[in-house]
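Below: the structure, in structure tokens.
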Amino acid sequence: MPKGTFGVTTPIYYINAAPHLGTAYTTVAADTIARYERMNGYDVSFVTGTDEHGQKIAETAEKNGMTPQAWCDSLAPAFTDAWKTLDIDYTNFVRTTEDRQTRAVQKFWSDLYEKGWLYKSAYEGWYCVHEETYYAESDLEKNEDGEFVCPDCKRPVRYESSGEENWFFKLSEFQDKLLAFYDEHPDFIRPVSRRNEIVSFVKGGLQDLSISRSSFDWGIPVPWDEGHVFYVWADALIAYLTGIGYGDPEREGEFERRWPMQYHFVGKDITRFHCVIWPAMLMAAGLPITGTVFGHGFLLVGGEKMSKSKGNGIKPADLVEVFGVDAYRYYFMSDVRFGADGNISIERMTQVYNADLANTWGNLCSRVFNMVGKYFDGKVPAVPSKFADAPNPLKDIADSLYEKYDACMADVNFTDAAAAVQELASRVNLYVEESAPWNLAKSEETQGELAYVLYNAAEACRILALFFAPFMPNTSAEVFRRLSLGAIDEVDDIKAASVWGQLPAGNDVEKGDPLFPRLDVKDIQL
Ligand code: MSP
């Protein structure tokens, strides 16, 4: 029986270009936590997808000489393929051009319309197509030519005045409710720096939000007013609900069971949509609100935000080819603290790979499995009874690992969770060094101690594989296989599974190839 449900989402990514390291970062983070909560026995929903409507996509499609739908269809596989390459085990992939999304969006907003949260009014104002965001004139910046530009992406903004009326959501009425909500739910916006920004933004007052457009037609039709389509954000946010069955008669009861979720993982540039507009929409609909919106930082290259135009558009698949998928995931999760901006580089990635994976985790498995092969005919030795109560530095660390790791995961602190596992891995390497099994093997008298040492080291490898699994699912599965253990994907109580001493004596152990062959940065060509 699952313990309950656990839900996490990534943003629903614009389909104007293939996924890059930034979008992959959020997606790997969501996958890491989703995998961990599965190992804790939760029934996990992990929703991701592609945001396919709006002016930006329509214009990108046009530039490429395609209809918007053909453009979206041609690019959607780039996302599903990239997520496959990165071993992303999502439960629901929503394309906002799917019928189920149309049904959900129309149902949601029709409900708000009926409840009186919408009104029609003339719209005029500044809009940035790249950010798909409205801006007040006071928020704009000017470029060298004196043109108004977007404060976020610095591209020129457009003044939109269709002369027609648009539908507005009464967002301004939610100022007090939102502030009270933030107060009562201190963990709703994380990290704290992001929370402070949002609180002061909302304190500054909220404008009603235009949720429909009539100047173009690439969007979901507003069901009660022909000629209008929903604003792309009024559409995309609903995908979180669509993913778990909202408005889907064939999935009755599922939405109620899975909503609200625990987390929306987003980049810091889109926290406002998720922390202001989205909870107000949910309040208006009378739906509960997600536990935490976690706004992570940006990946930087040479101190600047990584982007295609800056010539550092390395694809996730390029790095996977060199480092392997597990090392890719491990590097981004352990070395870029979730919540802060972080510099990435091939040099640093290689350094982390060699230090933590090739020299520590991979080396440890090779040494231990090799010695079990050599000294015990490839079978896990039994612990001789005289060692049953002997001091065991590895067990001591392993015994407290779940608690430490779980606290980090609950804090969405992947870096320290990985470091806690790494600490045990380093300790096992040191233990092997100190105990020198190759010397113990020389004398008949020390056979018992040799068995004890190698049992401990192999058992520590089993436990390490468990805790590394959310980060590096492939190598953990491989270590389980080499130790003749059952499928690691089936672990649904990692706390119980990580209790010391469960590696059965007598299990066949396979040495296998190095899990992480050493890399030299000079040989890496991208
Ligand atoms: N379509 C909207 C989201 C709708 S959610 C209901 C959108 N899409 S996006 O494709 O632009 O999303 C990009 C995501 O990637 C954002 O969370 C953004 O913060 C993130 N990143 C873009 N560049 C990034 C880095 N250089 N580093 C880390 N994340 C970055 O916004």
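Summary of values
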item	result
Set Lys115/Lys203; Lys142/Lys305; Lys315/Lys522; Lys142/Lys315; Lys3/Lys386; Lys3/Lys379 screened for pairs whose C-alpha atoms are more than 30 Å apart	Lys142/Lys315; Lys3/Lys386; Lys3/Lys379
Candidates per GluC sites (Glu not before Pro) in the stretch 412-469, loop by DSSP, up to 14 other Cβ within 10 Å	none
Rg(Cα) / (2.2 N^0.38 Å) computed for the stretch 46-94, rounded to two decimals	1.27
Cα Rg, Dmax (largest Cα-Cα span) when computed across the stretch 254-308, Å	14.6, 46
Scattering profile of the stretch 374-431 at q = 0.16, 0.28 Å⁻¹ [log10 I(q)/I(0), Debye over alpha-carbon scatterers]	-0.66, -1.09
Mean separation of Cα contacts under 8 Å, 6 or more apart, over the residue count of the chain: relative contact order %	16
Degrees, to the nearest 10: 175-184 long Cα axis against longest axis of the chain	20
Inverse mean reciprocal Cα-Cα distance (Kirkwood Rh) of the stretch 43-172, Å	17.8
Ordering of 476-482, 58-64 by packing [mean C-beta count within 10 Å, highest first]	476-482, 58-64
Relative exposure of Tyr353, Tyr402, judged by other C-beta atoms within 10 Å (fewest first)	Tyr402, Tyr353
Cα centre as origin, Lys/Arg/Asp/Glu Cβ charges: the chain dipole, Debye	800
Fraction of the pair-distance distribution of the stretch 320-424 above 17 Å, Cα-Cα pairs, percent	66
Principal-axis tilt of helix 192-203 within the chain, Cα atoms, nearest 10 degrees	10
Percent of Cα pairs exceeding the 19 Å cut-off, where the set is the stretch 461-526	38
Estimated 222 nm signal from helices in the chain, with DSSP H stretches of n ≥ 4 weighted -39500 (n - 2.57), rounded to 500	-13000 deg cm²/dmol
Zero-based 10 Å bins, Cα pair distances in the stretch 407-526, whole percents	11, 36, 34, 15, 3, 0
Per residue, the convex hull volume that the Cα atoms of the stretch 155-307 enclose (Å³)	162
Spatial separation of Cα centroids for the stretch 176-203 and the stretch 451-526, in angstrom	42
Angle in degrees between helix 393-410 and the longest Cα principal axis of the chain, rounded to the nearest 10	0
Sparse-neighbour loop sites [GluC sites (Glu not before Pro); the stretch 129-167; at most 12 other C-beta within 10 Å; DSSP]	Glu144, Glu147
Reciprocal of mean inverse Cα separation for the stretch 1-50 (Kirkwood radius, Å)	11.6
Taking Val129, Val453, Val372, Val322 and counting other C-beta atoms within 10 Å, the order from fewest to most	Val322, Val129, Val453, Val372
Whole-Å semi-axes of the stretch 1-119's equivalent ellipsoid (Cα gyration tensor)	27, 23, 10
Reach of Lys442 by Cα under 18 Å, taken over lysines that are not fewer than 8 positions away in the same chain	Lys374
Rounded, prolate or oblate (a/c below 1.5 giving rounded, otherwise prolate when a/b exceeds b/c) for the stretch 19-73 by Cα gyration tensor	prolate
Solution diffusion estimate, µm²/s, Stokes-Einstein, the chain, Kirkwood Rh from C-alpha pairs, 25 °C, viscosity 0.890 mPa s	97
Relative contact order for the stretch 40-137, counting Cα pairs under 8 Å that sit 6 or more residues apart, in percent	33
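Any read-out appearing in this document is the output of simple, stated calculations on the displayed coordinates, not a laboratory observation. What you see is a predicted model; the values in this text were computed from it and never measured. Using ideal geometry, Cβ is built from the backbone for each residue, glycine included, and neighbour counts are taken over all protein chains shown.
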